[in-house]
Amino acid sequence: MTFSNDHVRRELREGQQAHEATLAPFDAALDQAFDPASTTDLATKAELVGAPSRRQLLKLGGLTIASTALLAACVEPPSTDQVAITGTLIPVPTTDVPPDPGSAEVDATLVLTAISIERLAIAAYQAALDNNWLEAPLLVQVAEYFRDQHEDHAGALSSQARRMGQNPDEVEANPYLMTEVLDPAVQAIEAGGGASVVQTATLTLAKELEVAAAQTYTKAGGILTTPALRQTIMSIGGIEARHCTVLAVVLGEQPVPFGLEPTVLAAPPDSYIAPNGPVSESSPTTEADAEAETETE
Amino acid sequence: MAFRALRRTSAEIDEQHLAESGRSASRRRFLTRAAAGGAVAVGASALPLSSLVPGASAQTEEGTEPTAGTTPGTLPTAPEVTGDPPLVEGSDLTLVVFLQSIELTAVDAYETMVATGKMAPAVAETARQFSLHHTEHAEALAELAGGASVTDPNPGLTAELTPLIESGTNQDDMATLAYNLEERITATYAAALGALESWQAAAVASKILPVDSQHAVVWSQVLEPDPTEWATEITTWIPNFQSATDAIDIIQYPAS
């Protein structure tokens, strides 16, 4: 196979544009963290700029299952047999968790925010399908499958929200993430650059949204106030993590980059969806709870 | 084949969210096909941990005296604390120590798999990497357990796994065991999250569950490297919701 140099340069340039667009939120986070007025601690700053500890360096051996790269045949083959080491920065694994900030209001906020993230993911996959951004038929089927799973997740979360006195029907695809992540990425994708570039940019966007979802749910798992809620949210978070792995493999990235799921890329507080209904201190978390509460009344 | 046709409806999902009987059956079929001999028998049918916390011990037969750690529906005896005070207590501490012992078993299992020499170098490297992840998990759990933490793998689980690994004849056998182990550990965390009262313990479990679920996906790709074939079983590899159905039984496999 031969490539024209102009074509390669064009693809690289447009790929870089897509990359920069998707990095915009990260840049904003850096600006915020390194603002002199910021209270961000040194460890977090180091984590943000990717200064690895000695221990992390030892773990950057990489996962090398090139022979099993799922769906790799569907995308442009890499130029070498070496599995890409993407430069993904591995945050310091830590079990340091903040003081429990949970409350019924926070519970409702996290569930509604989760719904908005699911709806954003559905919108992103739907756009990819409607606009034929994925050229490999197998990837199209996987995208349909993931979109449908996000619909199921949104449905389960909506049921949960109703049990908490909230109205999930009012929740749209997350507006903050739509503006900060999805729209810029879509602009870059629509700029074209060749089917392969478009497909890669689409997969990259999908992975970023899945990462945001998985990490948001992981964060919620340490905040939600009841075991039932935590179990529910992580029954979804674990699946988003699986989506991340599939997409990472297709993109030639490390399929399991962290030993402990980080939360640094979780949806930021600015993206949270506030409760839209009355929040009680004892929001029922299961149908059984709800029935018991009704009977008590 | 369109994946949509394979999906269950949202209504079914809602009903079967935690039961996931169809998925389990599908996985069992796969394991029957792919596994060598008893390689799938890592643990018997499990009870969700949420049914094992104190107060849920109604399974005791009438007329029998319940004994903690031996009666279905009760947790094993609380672990002994020597040294640093744990960050969690009560049934949470018992669960955390149990989870830690399972992580140590996973570390051991991967080391044993690599030692068999039946894995290709790249796959063995993956096993080593995942072993490191499980070491991290055990360390994170040890922080919670403080002076109650364990240093040995789960004796019952290790006793079952080790001979299965050693009798495996090829890489597929190793990958099947690894896949099954990771799926069951993931399910165990899903069950634990429904039982842990402490948000600190829940936070750690929430950081571990996604990683173990990703391990399972990677092993599924080793087992079925052809993308098209892999995709025909995508509902097994990536269910709609993470189930707790296949959780490892804390009663059957106490930490020590």
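Starting at the first residue of region A:201-209, write each ³J(HN,Hα) from the Karplus equation 6.51 cos²θ - 1.76 cosθ + 1.60 with θ = phi - 60°, in whole Hz, x for Gly and Pro.
Rounded to whole hertz, the list is 5, 5, 5, 5, 4, 4, 5, 4, 5.
If each of A:Asp270 and A:Ser103 carries a label point 7 Å out from its Cα toward its Cβ, how far apart are those two points in nm?
2.3 nm
Hey, quick one: spin label on B:Asn170, modelled 7 Å out along Cα-Cβ, who in region B:207-232 has an amide N within reach, i.e. under 15 Å?
Backbone N within reach: B:222-226.
Highest mean first, how do A:224-233, A:129-138 rank when packing is the count of other Cβ atoms within 10 Å averaged over residues?
For the peptides A:224-233, A:129-138, the packing ranking is A:224-233, A:129-138.
Given a Förster radius of 41 Å and the C-beta distance between B:Asp152 and A:Ser280 as r, what FRET efficiency does 1/(1 + (r/R0)^6) yield to the nearest 0.05?
Given R0 = 41 Å and the Cβ-Cβ separation, E is 0.35.
Tell me, what is the FRET efficiency for B:Thr162 and B:Ala122 to the nearest 0.05, using R0 = 22 angstrom and their Cβ-Cβ distance as r?
Between B:Thr162 and B:Ala122 the formula returns 0.40.
Work out from phi, with θ = phi - 60° and the Karplus expression 6.51 cos²θ - 1.76 cosθ + 1.60, the ³J(HN,Hα) of each residue of region B:120-132, listed in order in whole Hz, and give x for Gly and Pro.
5, x, 5, 6, 4, 5, 4, 4, 5, 4, 5, 4, 4
Would you kindly state how much longer the chain becomes between B:Leu132 and B:Thr82 on full extension, computed as 0.36 nm times their sequence separation minus their alpha carbon distance, in nm to one decimal?
Stretched out fully, the B:Leu132 to B:Thr82 stretch lengthens by 15.4 nm.
With a point put 7 Å past each Cα toward its Cβ, work out how far A:Leu129 is from B:Glu139 in nm, to one decimal.
According to this spin-label approximation, the distance is 4.3 nm.
For A:254-264, what's the mean count of beta carbons from other chains sitting within 10 Å of each residue's beta carbon?
6
Which peptide among B:179-192, A:164-177 comes first, and what is the full order, when sorted by highest mean count of other Cβ atoms within 10 Å?
The densest-packed peptide leads the list: B:179-192, A:164-177.
Can you pull the mean other chain C-beta count within 10 Å for peptide A:139-152?
The shielding value for this peptide is 5.
Spelling out what I want: for every residue of region A:228-244, take phi, set θ = phi - 60°, compute 6.51 cos²θ - 1.76 cosθ + 1.60 (Karplus), and round to whole Hz; glycine and proline get x.
Coupling constants for region A:228-244: 4, 5, 5, 5, 5, 5, 7, 5, 9, x, x, 6, 4, 5, 5, 4, 4 Hz.
We did not get these values from a lab; they are worked out from the coordinates using the rules stated. Because the structure is predicted, anything quoted here is derived from the model rather than measured. Note that each Cβ is placed from the backbone with ideal geometry, even for glycine, and that neighbours are counted across all protein chains shown.
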